[in-house]
Amino acid sequence: GEEGTYRRIPEVLDCWFESGSMPYAQLHYPFENQEIFKEGFPAEFIAEGLDQTRGWFYTLTVLSAALFDKPAFKNVIVNGMVLAGDGKKMSKRLRNYTPPDELIETFGADALRLFLINSGLVRAEELRFTDDGVKDMVRRALLPWYNSFKFFSTYAKVDGWKIDGLASHEIAVDADGSFAFAATESENILDQWLMSKMQTLIKNVNHEMQNYRLYNVVPELFAFIEDLTNWYIRLNRRRFWEEGMSEDKNAAYSTLYTALETISRLMAPFAPFLSDIIYQELKTFGGKTEESVHLCSYPEAIEDLINPILETAVGRMQQVVLLGRQKRIQEVVKVKTPLKLLKIIHQDKQLLDEMKKLEEFIKIELNVKLVEYMTNESEFVSLSAKPNLPVLGKKLGKDMGSFKPLIESLSSQEVQKIEDGGKVTLKGVDFDQTEILVFRNPKAGTAAVTNRFITIDMNCTLDQDLIDEGLAREMVNRIQKARKDSNFNVADRIEVTIHTSQALSKVFEKFQGYISAETLMVKGTVSDKAIAESIVCEIDEDKFEIFVKKI
């Protein structure tokens, strides 16, 4: 076009002062909008990068203090800098990063968003960005969450289950019209536990968000998804497999539906796409629903459903199961081999009483016949202490040498006090659990395993009966697999012929009743000759040939 004439404009005051006057300038204050300005000032929060400390953050504060004698904002979220994986600046020329659109294409926008919210970036720390972090969000959060929904929808469709089919007294409807299944209606202790965990999650997420601590939300979600998939669903699978629709099965569906529907609403700001996909799918099971999860109101905790002692008891049950598995690995005893006795040891009798309600789950998970509960922890474990040198070095300086032997000779009772969050006083100086490291050692002559939550004692000595019962369980496993490979129906009765070693043949005959009950075997025969068209597998190095026939 035509060549224009360039004119110099008058000097500009430091342009940061213009951006710093944004709260007033954007409303043309004080010339108009005085009421609107007063309502929205100071701002609830501002968010910018770390480089704005001397720029925008500073001038906003200086101007606001000068004009109104108060700060311009109540909270500030300072974002750190994103660097490439090699610690250098991200550079288009060097291509030292994967472009965001490719990342989103591969892992989804939710995974990228969760990864960034969960990183040090929202705590003003720098981040060396790698694709692995994004991939990890898919593995740890998004996939298990989606799989728990798939588990629910697969069975609920088969059963034709609907949320509306529930009796009205079983549903507490939130103010926003979404359902909160009243867990008190369910007799099942794990239903009550999941609903309690759900409300605790809602309470914690709301609390962290009110305080602008974004980085604390994703860990809370991880913990809940772990509880939902690896504990609630895994321990309750049989309830969904039952024939027909019992009250207990209805309670299981309602509890799982409520958990999934609530997570969708709770996670909508953090994983907006998967939240809405699951929410839309859940609509097929009835209930009062919005067009999108993003039009629902945010969940608020129903405090009455929170049961802290039950949450602690299930947490301890989880620890017992983990310790028991660890003990079996140490002693090289297979999970399928039953053990006679598990002792659970903790000083708090009330907690042990609550754990008794979970005994059936513990027996199944650890394959033990009998569980005993004891409070005499000192007979199984000795506690010892050592100074936490990096922390105490700063506090005690050159006196460290004289305190070290005193700390190391503390009595079990005193160490217990520190482990429980208390303090001990030595030569007039107080010490707490951040300054003294506690070590727990099983006592000689016991079969104890311990951590800071609980102690168990599990005798892994095997007699022939236990070994044989373990082998019978292996046989059940192989016969079930053979049923599946032969495409039999769940309810089909079968005839089984086996050909194997003499020892295994004896076990097969000894445990006929148990094997029949587990596999719907009506007749079991041992053949002394190899069987044509059999399915061949192994049990403990021995060849195990199976032939299954439908009756």
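The values are calculated or read from the model by the stated rules, or taken from the named source; none is laboratory data. This structure is a prediction, so every number in the text was calculated from the model and none was measured. Using ideal geometry, Cβ is built from the backbone for each residue, glycine included, and neighbour counts are taken over all protein chains shown. Quick note on the areas: whole protein, heavy atoms, side chains included, nothing else; ligands and nucleic acids left out. Shrake-Rupley method; radii C 1.70, N 1.55, O 1.52, S 1.80 Å.
Quick look at the numbers
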item	result
Search result, residues across the range 107-123 that are over 15 Å from Val82 (Cα atoms), open to solvent by 20 Å² or more (accessible area, probe 1.4 Å) and touching a residue at least 40 places away in the same chain (Cβ under 8 Å)	Gly108, Ala109
Residue tally, condition under 22 Å from Trp193 (Cα atoms) and touching a Lys or Arg at 6+ places or on another chain (Cβ under 6 Å), over the range 249-302	4
Subset of the range 381-425 that is of a type in the set (Gly, Ala, Ser) and in a helix (DSSP H, G or I) - its residue that is nearest to Lys343 (Cα to Cα)	Ser412
The one condition in (1) free of Cβ contacts under 8 Å to residues at least 60 places away in the same chain; (2) touching a helix residue (DSSP H, G or I) at 6+ places or on another chain (Cβ under 9 Å) that Glu372 fails to fulfil	(2)
Residue tally, condition open to solvent by 30 Å² or more (accessible area, probe 1.4 Å), touching a residue at least 24 places away in the same chain (Cβ under 8 Å) and part of a loop (DSSP other than H, G, I, E, B), over the range 219-268	1
Glu281 being closer than 18 Å to Asp110 by Cβ, open to solvent by 30 Å² or more (accessible area, probe 1.4 Å) and charged (D, E, K, R)	yes
From Leu406, Leu462, Leu392, Leu383, residue being open to solvent by less than 40 Å² (accessible area, probe 1.4 Å), more than 32 Å from the chain's Cα centre (by Cα) and at negative phi	Leu392
Criterion violated by Val76 - all others in (1) within 29 Å of the chain's Cα centre (by Cα); (2) buried (at least 19 other Cβ atoms within 10 Å of the Cβ); (3) modelled with pLDDT of 80 or more; (4) closer than 16 Å to Leu214 by Cα satisfied	(1)
Single condition Lys340 does not satisfy, out of (1) without any contact (Cβ under 8 Å) to a residue 60 or more places away in the chain; (2) open to solvent by 40 Å² or more (accessible area, probe 1.4 Å)	(1)
Met475 of a type outside the set (D, E, K, R), farther than 18 Å from Met374 by Cβ and in contact (Cβ under 8 Å) with a residue 12 or more places away in the chain	yes
Only one of Thr497, Thr434 that is open to solvent by less than 50 Å² (accessible area, probe 1.4 Å) and polar (S, T, N, Q)	Thr497
